[in-house]
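Derivation of every value follows stated rules applied to the coordinates shown; laboratory data play no part. Everything numeric here is computed off the predicted structure, so don't read it as measured data. For neighbour counting, all protein chains shown are included, and Cβ atoms are generated from backbone atoms with ideal geometry for every residue, glycine included.
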Amino acid sequence: MRKTPHQTTTAVDPEPRETPAEASGQPFRPALLSMAFTELWERYSFYGLQGILSFYLLYALADGGLHLDPAVASGIVGAYGGAVYLSQILGAWLGDRLISPQKMVLYGAVVITAGHMVLAFVPGFAGLGVGLVCIVLGTGALKTNITSIVGFILDQNERYRDAGFSYFYMAINIGAVVGPLTTGLAQNELGFHYGFGLAAIGMAAALVQYIASMKRLPERARTVNNPLPANRRPLAVLAALAFLAAVGAAVATGLLRAQNLSTVVTVASLVAAAAYFLTMTTSSAVGRDERRRILGYLPLFLASGVYFGFLFQKFTAISILITERIDLKIGGWTFPVAWITTVSPLAAVLITPLVARMWKTLGERQPGTVAKVAIGLTQIGCAYLFLLIISEATGEADIPLILILLFMMAAGSSEVFVGPIGLSLATKIGPEKFRSQMVGLNFLTLALGSSLAGLLGQLFAAIDNASYFTLTAVCGVAIGLVLFLVRRPVGRLLRAGLEH
């Protein structure tokens, strides 16, 4: 029996009438399509920046870069990516307790746009620091809340939830492809700050698209699901001020510096995840079946964090490999370096319609959630095995560009078995009182993966290529196989209370 939506002071029809598109199972409702376009442009700006950020830190001053040590550059890139997703805990909490998801997305888009403009027009470390902090905060406000809104849209179309989220995820990957293609070309031909400027334009487009689509959103997007009592709000403000003071003191005393940023963000991600799991499993507002589903999600959380750590190495370890061992010259033209990392999301975009159609065709015969994640981990482990082989086969010589592109295709296409499945699962199994925060917990896999990629990049800079690629290949395949072996008991936990 379908539950009545959470009651608010606004009257909401518990049984909304389906539109013809909904009745036919069409996942592209107007509201979903609008959210997909908004997310596409937001991801355009984010990945457009991230596609050239590591090279901005690595390149020599004469080439427009900041010429940082590879280990330091990996630490900054990994910490930045991790902080972007870690900040989504705060965004999810605000969207549940203080500000409606619709407004959180709007405010986040404005702050992100400002951050990209700072990067475009303010040179050096000052522009880098201010711009990245703005993007971290703005993305934290936007990401979990726009995903929750998509969950609200698909709540009345449960049969097509995985397919709907797969298409939403495809929009993410389209932005992840087009962004680096255009910013990479601008950087290659004109310079890094022109690339940053294009990212700012992309975010402005996302903001315009979202404002135009707000009227199409369901009523749940306009309401605060679990309002924080007024007498507890001053305490929340004091906690925020104390946190900012602690960060400022750590920077001033040297405890927080570029070399250990990834370590700090990794630890913070694990602590935040532990706090989330503990809070939700001990809350009196969480029922027995909801608690079992949360516990079932724990192994998937850890496995997905490792998976994204391997995938996001395209911005750390693989970026270092590209600068050291890939010849970008094609005749008299230099292949834009950011285009190499773009192949990864492009492969995911191209394979998504095929996989989504396969899930719809198989119906109840499709692999379970746990098996899908296991497939993704095994595939990316095999991709690193391929990279080990070509790295050793070429010896000290440059690795041919085509081979690194094939590696990116193999690694990137595995994302369709992990990313959209995690998004769909989080909006499905989350407790009623913690729906947005469950999505925030899912995004912590990306925070953990990004910061882990920074640590792996630092390890890559310290050991030989063969040992490094062997380690990543073995870990990926082994974790995937273990996950596949435990798929049935974990799957039963995830389905607790949802079978009927």
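Of note:
- Cβ-derived FRET efficiency at R0 41 Å, ILE389 paired with ALA126, nearest 0.05: 0.40
- Radius ratio Rg over Rh of the range 64-132, counting only Cα atoms, Kirkwood formula for Rh: 1.07
- Helix 192-213 and the long axis of the chain differ in direction by around 10°, with both axes built from C-alpha atoms.
- Extending 7 Å from the Cα toward the beta-carbon at both VAL251 and ALA230 defines two label points whose distance is 3.6 nm.
- Pairwise FRET efficiency - LEU498 versus ARG325, Cβ, R0 = 30 Å, nearest 0.05: 0.05
- Estimated inter-spin distance, LYS215 and PHE277, nm [label 7 Å along Cα→Cβ]: 4.6
- LEU354 paired with THR334, simple spin-label distance in nm, labels 7 Å along Cα-to-beta-carbon: 3.5
- Summed residue charge, Cβ within 12 Å of ALA239's Cβ, Lys/Arg positive, Asp/Glu negative: +2
- Theoretical FRET efficiency, 1/(1+(r/R0)^6), r = Cβ-Cβ of ALA258 and ILE463, R0 25 Å, to 0.05: 0.75
- Our Cα-only numbers for the chain put the radius of gyration and Dmax at 21.9, 69 Å.
- Taking packing as the residue-averaged number of other Cβ atoms within 10 angstrom, the listed peptides 269-276, 90-97 run from highest to lowest as 90-97, 269-276.
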